[in-house]
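Down below is the structure, laid out as structure tokens.
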Amino acid sequence: MRAMTNHPRNRTPRGVRRRLGVAVAALTMSTAVSACGLGTAGGFVPSGELAGPLAGVASFDGAKVSVGSKNYSEQLLVGKMAVILFKSAGADVKDFTNIPGSSSARQAMLSGKLQMMWEYTGSAWISYMGNSDPIPDEHKQWQAVKDADVKNGLVWLPPAPMNNTFGFAMNRANADALGITKLSEIQDIPIPERTFCVEAEFNNRSDGLLPMLQTYDIPLGAGVPRDNVKLYATGAIYAATDQGACTFGEVYTTDGRIVALDLVVLEDDRNFFPAYNLSPVVQAQFLEEYPQVADLFAPVAAELTNETLLELNARIDVEGEEPTQVAYDWLVAEGFIIDDRG
């Protein structure tokens, strides 16, 4: 798994002040229930003309494709990218982004109601396939998931370099005062400073707080007093960490609030957390009929780095922009499509 050391911690998205508290812009999505029983994001999704490395991709004229995503910002963002790309390539697209819950989205893929969605390697390996031990090497983790899903008629195309895994972050003041950059260095600071803000679920996960503390030789009780652990709702952790309610806050490593609040993510130098690389997952039958799917998504996936997702997620969660617009703007800016709306 790639160590979490390359986040753009010194940059703040335009129009964002550092002290944001827990304010998160609400996403207004119209929800429709289709004959497939899937909730969708709805709304108009623009298209353009394929350009740059996508200019030579064969047309999808006559293809019918249903694209899905889960119902949070990053998934909506990449789901809308997929809808835009397919539309721009000439496909007739049904937009089933905004499916509530991972299990519902996974079932939609397994049942064939969706032809394509972006999925995370760690989610598939641990949550869907029931494995307890992640594979530290990102490529080997992707390959293992790819091989395992063949029997389900699903093909995992090459993953993006981004890794939206768990991590722990500090506010800038604590990072400067304590002078640590790695999780292994927590054992070097005084016990009273070893305070953690985490979700209740993370507190009980097999890849969560307790085994993490064991891995880093600061077990709960002896290394970290139980009173040093505070439980928060997911969104509240970022503000609590920023405001110094705890020294270390559980974060998702591509969450835009990391940049907006100038949080410093510690390196997972013992590779404890699973890799959660994002991959386009496609029905094998659809890929056989339209092999150009691989050419459509490979160049895009290659540009989806942690840095890119941090900035794009911040535009949605911090600045309140719509995922569709953020996705379209990025595809145009990167030269994947030409805006043909005049």
Just a yes or no: is a residue in segment 175-198 small (Gly, Ala, Ser) and either in contact with a Pro (Cβ under 8 Å, 6 or more places away or on another chain) or under 30 Å from Pro280 (Cα atoms) (or both)? no
Residue hits (segment 178-236; part of a strand (DSSP E or B) and of a type in the set (D, E, K, R)) are Lys182, Lys230
Can you name the condition, by its number, that Asp268 falls short on among (1) at pLDDT 95 or above; (2) assigned by TED's automatic domain parsing to the domain that holds Ala51? (2)
Is it true that Thr324 is more than 20 Å from Pro53 (Cα to Cα), polar (S, T, N, Q) and under 18 Å from the mean Cα position of the chain (by Cα)? yes
Where in segment 87-171 are the strands (runs of 3 or more DSSP E), entirely inside, with at least 1 residues that are touching a residue at least 60 places away in the same chain (Cβ under 8 Å) and surrounded by fewer than 24 Cβ atoms within 10 Å (Cβ to Cβ)? 92-99, 154-156, 166-170
Scan of segment 90-148 for residues that are in contact with a Gly (Cβ under 7 Å, 6 or more places away or on another chain) and among the small types (Gly, Ala, Ser), ordered by number: Ala105, Ala108
Within segment 323-342, the residues that are modelled with pLDDT of 95 or more and not in a helix (DSSP H, G or I) are Glu334, Gly335, Phe336, Ile337, Ile338
State all residues of segment 27-61 that are surrounded by fewer than 16 Cβ atoms within 10 Å (Cβ to Cβ), of a type in the set (Gly, Ala, Ser) and at pLDDT 95 or above; if no residue qualifies, say none. Gly52, Ala55, Gly56, Ala58, Ser59
Selected residue (criterion: nearest to the chain's Cα centre (by Cα)) from residues of segment 62-76 that are of a type outside the set (S, T, N, Q), surrounded by 13 or more Cβ atoms within 10 Å (Cβ to Cβ) and assigned to a loop (DSSP other than H, G, I, E, B): Tyr72
Can you name the number of the only condition in (1) out of contact with any strand residue (DSSP E or B) (no Cβ under 8 Å at 6 or more places or on another chain); (2) within 22 Å of Thr254 (Cβ to Cβ) that Asn131 fails? (2)
Per the filter on segment 271-311, residues farther than 30 Å from Ser66 by Cα and either modelled with pLDDT of 95 or more or in contact with a Ser or Thr (Cβ under 7 Å, 6 or more places away or on another chain) (or both) are Phe272, Phe273
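The values are calculated or read from the model by the stated rules, or taken from the named source; none is laboratory data. Keep in mind the model is a prediction, meaning the values are calculated, not measured. Methodologically, a virtual Cβ is constructed for each residue, glycine included, from the backbone with ideal geometry; neighbour enumeration extends over all protein chains shown.
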